[in-house]
């Protein structure tokens, strides 16, 4: 009995070892399920999922921004700006400040050159430029950069492949922001304004715009830095840019920078042409601060102290007997300024304003600029180691350009708005433009760049034979039909174009359509 028991134990051990070896071998050959908790067959979604990157995170952790882009893109628009000047006034450097955003950030060659659209001996010069924007309300308010529309004679906004004439409701060169208004005849989708102050370096952001005329381009990156002051705008004291590596290129200007909730946290403004993916956006907090004034009066009035200030570093804080680097050091007080009248002096350190702590110069600048001129503020000032209080009645900060939006020019009368130089047919004109003897209509001698028919392709030598289906044999009948059209209606011109050489396309006809203002 005792000798048989070890043999049975040995046989049992060998059997267990064989079973275990078989299980391991089968598992290695993928002949058994990976675990009892696994489903009998993978779901279609799992079966179609891409393989994880070797050594990388699981596939489920790889983000997709498709849903975010689908929500945001419809509210991003294209902004077209047309500038008309007389030929003797046209100057490509006219109105460009020394550190214009395009000049500084797109290199010595400047931005993508505006299109010179003048023809022949026309007395007008037209340049076309553009950028991006985004809708902020269902009734058609659109935000873009000031430099996108600055000096423009006409501004249009494209929403879902349709162009709308835009009214410039207000502009603020100091922050490079502008507010437009369009009437689409229906409620529009819009983007909510988020909180740029809560952004952290490293947060994901998405930029949407029309770089290089490639509309609705989406780029993604992170917040690279905050509070950048880079000498870009007309008044560097208001610069507080968000830096991002989400690609921003020419044409992105005015487009939104959004967070993962689809809220606008910045307005794309410029890129550094000498670097790769270093772009800058105006924080949405700046937009929120100026938006009410842009809507109500078209310009921004800011409180003004009349001092130059700088942040404190460790050495300066020690020199002024401060325990830390909080505060704004006054380096200069402008003569006859509100601050001078209140008795501020260089060497003062502003520690607070109206009970709010001033940690950096940004705190003081933003608070004072947000107050209306004429309001009195109380400053908590450190002078020679003693804290004193100074009450200052704010003045109004002048725009760096010294300009304010003016009244719109009165509209043109009659049919001058067409911008056409037209004439009855004469033998000399027939010969000059190669028109056959039996052709009838009104001949175009010149199309001004400001004409709404300029983009429809009309040119000198074209023959208008019908307007809204009615034949026009001379200038009298042409003017009668055009003048009778109701405002807001459309005019349909049937135009014939003859090749003076009698080649292909001789006698071709086409329609040119425009809307009556």
If you take the residues of the stretch 365-398 that are in a loop (DSSP other than H, G, I, E, B) and surrounded by 14 or more Cβ atoms within 10 Å (Cβ to Cβ), which of them is modelled with the lowest pLDDT? 397
Which numbered condition in (1) touching a residue at least 40 places away in the same chain (Cβ under 8 Å); (2) more than 13 Å from the chain's Cα centre (by Cα) is the only one that residue 283 fails? (2)
Regarding the stretch 135-155, can at least one residue be identified that is farther than 30 Å from residue 277 by Cβ and modelled with pLDDT under 50? no
May I ask you to list pairs of residues, at least six apart or on different chains, whose Cβ atoms are under 6 Å apart, with the first in the stretch 469-487 being in contact (Cβ under 8 Å) with a residue 24 or more places away in the chain and the second being outside any loop (DSSP other than H, G, I, E, B) and surrounded by 16 or more Cβ atoms within 10 Å (Cβ to Cβ)? 472/442; 472/478; 475/442; 478/442; 485/491
Considering the stretch 278-325 alone, what residues qualify as being under 18 Å from residue 365 (Cα atoms), surrounded by 20 or more Cβ atoms within 10 Å (Cβ to Cβ) and out of contact with any helix residue (DSSP H, G or I) (no Cβ under 8 Å at 6 or more places or on another chain)? 282, 283, 284, 287, 290, 291, 312
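Among the listed residues 82, 89, 123, 112, which satisfies the condition of being surrounded by 19 or more Cβ atoms within 10 Å (Cβ to Cβ) and at pLDDT below 90?
82
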Give me a count of the residues in the stretch 430-452 that are over 18 Å from residue 415 (Cβ atoms) and either at pLDDT 85 or above or surrounded by fewer than 19 Cβ atoms within 10 Å (Cβ to Cβ) (or both). 9
So, in the stretch 254-277, of the ones that are crowded, with 20+ Cβ neighbours inside 10 Å and at pLDDT below 90, which residue ends up nearest to residue 169 (Cα to Cα)? 269
Considering residues of the stretch 153-166 that are over 16 Å from the mean Cα position of the chain (by Cα) and closer than 24 Å to residue 417 by Cβ only, the residue surrounded by the most Cβ atoms within 10 Å (Cβ to Cβ): 164
Inspect the stretch 460-483 for any residue being loosely packed, with under 15 Cβ neighbours inside 10 Å and at pLDDT below 80 and give the result as yes or no. no
Strands (runs of 3 or more DSSP E) enclosed by the stretch 432-517 - at least 2 residues per element that are more than 41 Å from the chain's Cα centre (by Cα): 442-447, 463-467
Between 455, 421, which is in the same structural domain as residue 481 (by TED's automatic domain parsing), under 21 Å from residue 515 (Cα atoms), at pLDDT below 80 and surrounded by 12 or more Cβ atoms within 10 Å (Cβ to Cβ)? 455
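Can you confirm whether residue 299 is part of a loop (DSSP other than H, G, I, E, B), in contact (Cβ under 8 Å) with a residue 12 or more places away in the chain, closer than 17 Å to residue 135 by Cα and more than 15 Å from the chain's Cα centre (by Cα)? Show your work before the answer.
Working: part of a loop (DSSP other than H, G, I, E, B): yes; in contact (Cβ under 8 Å) with a residue 12 or more places away in the chain: yes; closer than 17 Å to residue 135 by Cα: no; more than 15 Å from the chain's Cα centre (by Cα): yes.
Criteria not met by residue 299.
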From the list 253, 198, 237, 229, which residue is closer than 19 Å to residue 366 by Cα and either in contact (Cβ under 8 Å) with a residue 40 or more places away in the chain or not assigned by TED's automatic domain parsing to the domain that holds residue 143 (or both)? 237
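The values are calculated or read from the model by the stated rules, or taken from the named source; none is laboratory data. Values in this document were obtained by computation on a predicted structure and should not be read as measured data. For neighbour counting, all protein chains shown are included, and Cβ atoms are generated from backbone atoms with ideal geometry for every residue, glycine included.
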